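The values are calculated or read from the model by the stated rules, or taken from the named source; none is laboratory data. Because the structure is a prediction, the values reported are computed rather than measured. Cβ coordinates were reconstructed from backbone atoms using ideal geometry, including for glycine residues, and neighbour counts include every protein chain displayed.
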2 protein chains.
Amino acid sequence: MRLTTKGRYAVTAMLDLALHADRGPISLADISKRQGISLSYLEQLFSRLRQSGLVSSVRGPGGGYRLARTGDDIYVAQIVDAVNESVDATSCGGNSDCAGGEQCLTHYLWCDLSEQIHGFLSGISLAHLVARAEVQEVARRQDMREAAPEEKVAVIGSLQ
Amino acid sequence: MRLTTKGRYAVTAMLDLALHADRGPISLADISKRQGISLSYLEQLFSRLRQSGLVSSVRGPGGGYRLARTGDDIYVAQIVDAVNESVDATSCGGNSDCAGGEQCLTHYLWCDLSEQIHGFLSGISLAHLVARAEVQEVARRQDMREAAPEEKVAVIGSLQ
DNA sequence: GAATAACCAACTATCTCAGTCAAGTATATA
DNA sequence: TATATACTTGACTGAGATAGTTGGTTATTC
């Protein structure tokens, strides 16, 4: 089972897209600035997200990425699946050949857990996240900081 | 969040202990043979399991490890916690300083997920696993294979 | 005192993540 | 058409963790 910064970054970036959907295509440079994720790393992630049909791209000046579907039709599990290989908790990938061609003792336990996690993440759409008050709060703060570059410097300075 | 072979090995080994609790202390060499886990690696894992008070050890010939409590008082979550640092899915460890001193957009999502996983694994005890028909089936096969034909008589004799 | 098995501490090999760098290619606008 | 913008691709790197190895030392039993 794999659930690391990679999947977190992907979900965060997708949520950023959903929050700014009304602005037209969003460049990765914008997301990079707002969310503090390396631009080149975002490029790698979005390559996979595009291959999975979760986003579509617009090239040229003013271009960027947008969600391929509406936010209520994109689920967190799909995003994590797109950048990681899977959210499978078993070592055998469900093939039951964990221990020398046979099932290991705890095979069914990890199968159940995988189902549990996948079920949870499959029930949460981007629209759900966008609707959450805490998310809107954080997003407002980020947009604020983006709009006023001088204040951003001041904020960073005050953190040190 | 971290859930890898390390945690799987630990749970498998603990379940092996629970299954053979009636034989007295179980040596790591036995577990290594039955479950196909490196002996030296098991030593590392059991060092942590012992520090966490999940198992007790008996040194010398005929020695080994046994569960420190009964199987219905040891939960999978405790085992995973003992060998990994945590089953926390957030990057900040709940400190809300994920994105430059502030909460990242998806902070609450990962908090919820952590709670979900921990809740699931906290509800499953070793006794639950031992009771499962599939587990007993696999365990029976492993015990059969463990004893070479000549040794089977001795094993059966030692059980009486 | 020999055999057994827990305990301990380095050490290594491999893998993945996270990020960088340096090329490209496509396209809208001037 | 020229050019700036922005996406695309692939190779590369460092850090850190996993998984496993080696070589011991203690403690206990026969």
(request) Scan region A:10-25 residue by residue and report those that are within 14 Å of chain B (Cβ to nearest Cβ) and either without any contact (Cβ under 8 Å) to a residue 12 or more places away in the chain or within 12 Å of DNA strand D (Cβ to nearest atom) (or both). (result) A:13, A:17, A:20
(request) Scan region A:33-40 and give yes if some residue there is within 15 Å of residue B:106 (Cα to Cα) and within 11 Å of DNA strand D (Cβ to nearest atom), otherwise no. (result) no
(request) Answer yes or no as to whether residue A:157 is at pLDDT 85 or above and assigned to a helix (DSSP H, G or I). (result) no
(request) Look at residue A:7 and say whether it is more than 8 Å from DNA strand D (Cβ to nearest atom), under 15 Å from the mean Cα position of the chain (by Cα) and more than 13 Å from every other protein chain (Cβ to nearest Cβ). (result) no
(request) Inspect region B:66-77 for any residue being touching a strand residue (DSSP E or B) at 6+ places or on another chain (Cβ under 9 Å) and within 12 Å of DNA strand D (Cβ to nearest atom) and give the result as yes or no. (result) no
(request) Among what's in region A:22-46 and is of a type in the set (Gly, Ala, Ser) and exposed (fewer than 14 other Cβ atoms within 10 Å of the Cβ), pick the residue that is farthest from DNA strand C (Cβ to nearest atom). (result) A:29
(message) If I filter region B:73-93 for residues that are modelled with pLDDT under 95, acidic (Asp, Glu) and surrounded by fewer than 18 Cβ atoms within 10 Å (Cβ to Cβ), do I get at least one hit?
(response) yes
(request) Being near DNA strand C (Cβ under 8 Å from one of its atoms) and touching a residue at least 24 places away in the same chain (Cβ under 8 Å) is the filter; apply it to region B:58-69 and report the residue that is nearest to the chain's Cα centre (by Cα). (result) B:65
(message) Against the condition surrounded by fewer than 21 Cβ atoms within 10 Å (Cβ to Cβ) and either at pLDDT 80 or above or within 16 Å of DNA strand C (Cβ to nearest atom) (or both), how does residue A:100 come out, does it pass?
(response) no
